[in-house]
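The structure appears right after this line, and notes come after that.
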Amino acid sequence: MAMGFIKKIFSFGKKEEASSAPSEETLSPLAEQGAEEAHSPVEPPHESVLHQVEELLSQPLIADPATIELKPVYDTPETDELDEPVAEEKLQAEELPHETVLEKIEELLSQPVVADPATVELTPSFPETEPKFTDADVVPAPKPVKVTVSKAVEAKQEPVVVEAEPEKKLSWFERLRSGLSRSSQQLGDSIGGIFTKRKLDEDTLQELEDVLIQADLGLETAMRITDSLSSGRYGKDISTDEVRSIMRSEIEKVLVPVAKPLELDLSHKPHVILVVGVNGTGKTTTIGKLAAKLTAGGLKVMLAAGDTFRAAAIEQLHIWGERTGSPVVSSKLGADAAGLAFDAWQQAKDAGSDVLIIDTAGRLQNKAELMEELAKIVRVLGKHDPEAPHTVLQTLDATTGQNALNQVEIFKNIAGVNGLVMTKLDGSARGGILVAIAAKHKLPVYFIGVGEQIDDLEPFTAQDFAGAIAGEAR
């Protein structure tokens with residue numbers, strides 16, 4: 001207790017000195033000597049002074065130190081100033097014990113005393129010199145992965161890859177018009193050459209009819225267009241835009257009766273869709289896109305890999321099955337396609353599938369033995385359901401041209417085709433053939449494909465198709 005009391009008194013004296021801020025003229029000898037001896041060895045503390053302080057403390061005091069309330073003194077920042085009246089009141093309130101003891105302690109403390117090294121904070125001043133580094137402190141630059149050697153060896157500059165902005169997806173009509181641009185451009189150029197500075201007469205009508213037939217629109221449609229032009233306009237000047245408008249109108253009249261949506265009779269469960277066509281017309285891709293539409297509509301679909309002649313076709317159908325969540329029935333390469341179709345119907349029935357879509361091998365319409373295998377598939381399915389297959393879709397390549405007319409004729413007779421899907425309208429299509437097929441066979445056209453993506457199978461609309469063929473802006 002006694003030593004703690006002395007420390008409190010000693011620290012109070014330090015605070016008094018800090019607050020008074022002495023000038024350079026009134027510095028104590030200890031302060032002047034401290035600057036000179038900052039780097040000299042520190043002498044041990046004055047033992048005689050401490051001994052005399054301890055003797056004074058051993059004498060009896062008036063007040064019991066245990067009953068005196070000592071308040072710790074904290075160093076405060078220079079900016080915080082205590083209110084002087086308040087400080088004086090606090091000092092007066094704290095009565096000190098034995099005055100004689102305090103006076104003797106002050107005399108002892110006023111004597112020059114060498115400070116304790118443990119309590120002195122020395123801040124030596126070192127000459128300002130630049131830091132010295134050795135070779136070990138230098139970190140070498142990393143070596144380049146690739147270098148080029150010409151006049152000198154240099155680090156190879158990697159090209160900066162700039163991410164291209166995603167292409168804006170074209171609308172349905174823009175993609176259709178782009179696919180039919182070859183047909184429409186040829187028609188436009190030919191029509192413009194015919195009617196430039198010429199009146200509508202017999203020769204111009206004959207030339208126009210030839211141009212329309214060469215565009216695969218068919219003789220029947222070509223005659224309808226020329227007849228419509230000659231009615232009321234014969235012997236008069238006519239512009240290219242008028243010819244385009246009449247052509248679009250007549251083509252639309254041919255296509256409207258066949259532009260129908262695909263209807264599935266789900267009273268037959270499973271509803272069997274047989275997809276046929278020659279090699280390379282996009283049968284398997286069309287099946288995958290159609291399955292995506294049906295499953296998105298909440299129908300349970302099963303696929304059958306009936307093209308047992310191509311391993312790639314079986315693998316491709318399995319990929320579409322995974323993408324659309326549709327189970328796939330397949331067999332080994334070269335297996336009997338009719339037997340696989342029979343088993344697929346039974347599995348679809350047992351699984352409660354709403355729709356069964358069967359792929360078939362591509363075959364040329366002039367190969368009688370291959371067409372007979374297709375007829376066999378139809379007969380086998382009839383053993384399960386006399387009305388199966390309920391829908392027979394034929395895929396037509398839009399780049400085929402006039403040969404497509406013969407394909408539809410033969411597949412219609414062998415497999416009972418009752419609907420068409422026009423594919424590959426995203427390239428150098430000659431879409432005019434669809435007009436000729438519609439005029440001759442009157443078969444419904446359910447869908448047209450304009451790409452390889454899963455959503456690139458769109459319902460066929462007569463107005464859009466006629467406008468794209470005629471080259472009219474929408």
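Can you name every residue in the stretch 231-241 that is of a type outside the set (A, V, I, L, M) and either surrounded by 15 or more Cβ atoms within 10 Å (Cβ to Cβ) or at positive phi (or both)? Let's see the steps before the verdict.
Step one: list which residues in the stretch 231-241 are of a type outside the set (A, V, I, L, M), which gives 231-237, 239-241.
Passing the criteria: GLY232, ARG233, GLY235, THR240.
Yes/no per residue for (1) out of contact with any strand residue (DSSP E or B) (no Cβ under 7 Å at 6 or more places or on another chain); (2) closer than 21 Å to ILE377 by Cα:
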position: ALA292; (1), (2): yes, no
position: VAL301; (1), (2): no, yes
position: ARG310; (1), (2): yes, yes
position: ALA313; (1), (2): yes, yes
position: GLU322; (1), (2): yes, no
position: VAL328; (1), (2): no, yes
position: ASP336; (1), (2): yes, yes
position: PHE342; (1), (2): yes, yes
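Kindly provide the set of residues from the stretch 352-381 that are assigned to a helix (DSSP H, G or I) and loosely packed, with under 13 Cβ neighbours inside 10 Å, ordered by number. Give the steps one after another, and end with the answer.
Initially, the stretch 352-381 is screened for residues assigned to a helix (DSSP H, G or I), giving 368-381.
Result: ALA368, GLU369, GLU372, ARG379.
Can you pull out every residue in the stretch 306-322 that is touching a helix residue (DSSP H, G or I) at 6+ places or on another chain (Cβ under 7 Å) and more than 25 Å from ALA375 (Cα to Cα)? Talk me through it step by step, then tell me what you get.
Initially, the stretch 306-322 is screened for residues touching a helix residue (DSSP H, G or I) at 6+ places or on another chain (Cβ under 7 Å), giving 306-308, 313, 316-317, 320.
TRP320, the sole residue that qualifies.
Going residue by residue through the stretch 418-426, is there one that turns out to be small (Gly, Ala, Ser), under 21 Å from ALA304 (Cα atoms) and either without any contact (Cβ under 8 Å) to a residue 12 or more places away in the chain or assigned to a strand (DSSP E or B) (or both)?
Yes: one or more hits.
Output yes when any residue across the stretch 439-455 is small (Gly, Ala, Ser) and within 23 Å of MET223 (Cα to Cα), and no when none is. Full working, then the answer.
At the first step, the residues of the stretch 439-455 found to be small (Gly, Ala, Ser) are 439, 449, 451.
Next, only the ones that are within 23 Å of MET223 (Cα to Cα) stay: 439.
Yes.
Those residues that are more than 36 Å from the chain's Cα centre (by Cα), among the β-branched types (Val, Ile, Thr) and outside any loop (DSSP other than H, G, I, E, B), I need them from the stretch 251-309; list them, please.
ILE251, VAL254, VAL256, VAL258, VAL272, VAL276
Would you confirm whether any residue within the stretch 404-415 is among the polar types (S, T, N, Q), open to solvent by less than 80 Å² (accessible area, probe 1.4 Å) and within 42 Å of the chain's Cα centre (by Cα)?
Here is the first cut: in the stretch 404-415, the ones among the polar types (S, T, N, Q) are 406-407, 413.
Imposing the further condition that a residue be open to solvent by less than 80 Å² (accessible area, probe 1.4 Å) reduces the set to 407.
Next, only the ones that are within 42 Å of the chain's Cα centre (by Cα) stay: none.
Within the stretch 404-415 (the criterion being among the polar types (S, T, N, Q), open to solvent by less than 80 Å² (accessible area, probe 1.4 Å) and within 42 Å of the chain's Cα centre (by Cα)), the answer is no, since none of the residues qualifies.
If you scan the stretch 201-247, which residues turn out to be among the hydroxyl-bearing types (Ser, Thr, Tyr) and not in a loop (DSSP other than H, G, I, E, B)?
First pass over the stretch 201-247, keeping only residues among the hydroxyl-bearing types (Ser, Thr, Tyr): 204, 221, 226, 228, 230-231, 234, 239-240, 245.
Once the filter is applied, which keeps residues that are among the hydroxyl-bearing types (Ser, Thr, Tyr) and not in a loop (DSSP other than H, G, I, E, B), the stretch 201-247 yields THR204, THR221, THR226, SER228, SER230, THR240, SER245.
With respect to LEU396, is the statement that it is assigned to a strand (DSSP E or B) and open to solvent by less than 10 Å² (accessible area, probe 1.4 Å) true?
Working: assigned to a strand (DSSP E or B): yes; open to solvent by less than 10 Å² (accessible area, probe 1.4 Å): yes.
So LEU396 fits the description; yes.
So which residues in the stretch 309-323 are surrounded by 21 or more Cβ atoms within 10 Å (Cβ to Cβ) and farther than 14 Å from LYS283 by Cα, if there are any at all?
GLY321
Tell me whether the stretch 278-285 contains one or more residues that are among the aliphatic types (A, V, I, L, M), open to solvent by 20 Å² or more (accessible area, probe 1.4 Å) and farther than 18 Å from HIS390 by Cα.
no
Touching a helix residue (DSSP H, G or I) at 6+ places or on another chain (Cβ under 7 Å), in a loop (DSSP other than H, G, I, E, B), open to solvent by 20 Å² or more (accessible area, probe 1.4 Å) and not small (Gly, Ala, Ser), is that true of LEU333?
Working: touching a helix residue (DSSP H, G or I) at 6+ places or on another chain (Cβ under 7 Å): yes; in a loop (DSSP other than H, G, I, E, B): yes; open to solvent by 20 Å² or more (accessible area, probe 1.4 Å): yes; not small (Gly, Ala, Ser): yes.
Judged against the criteria, LEU333 is a match.
The values are calculated or read from the model by the stated rules, or taken from the named source; none is laboratory data. What you see is a predicted model; the values in this text were computed from it and never measured. In this analysis, Cβ positions are derived from the backbone assuming ideal geometry, glycine residues included, and neighbour counts consider all displayed protein chains. Accessible surface is based on the protein model in full, side chains and every heavy atom, while ligands, DNA and RNA are left aside. Shrake-Rupley method; radii C 1.70, N 1.55, O 1.52, S 1.80 Å.
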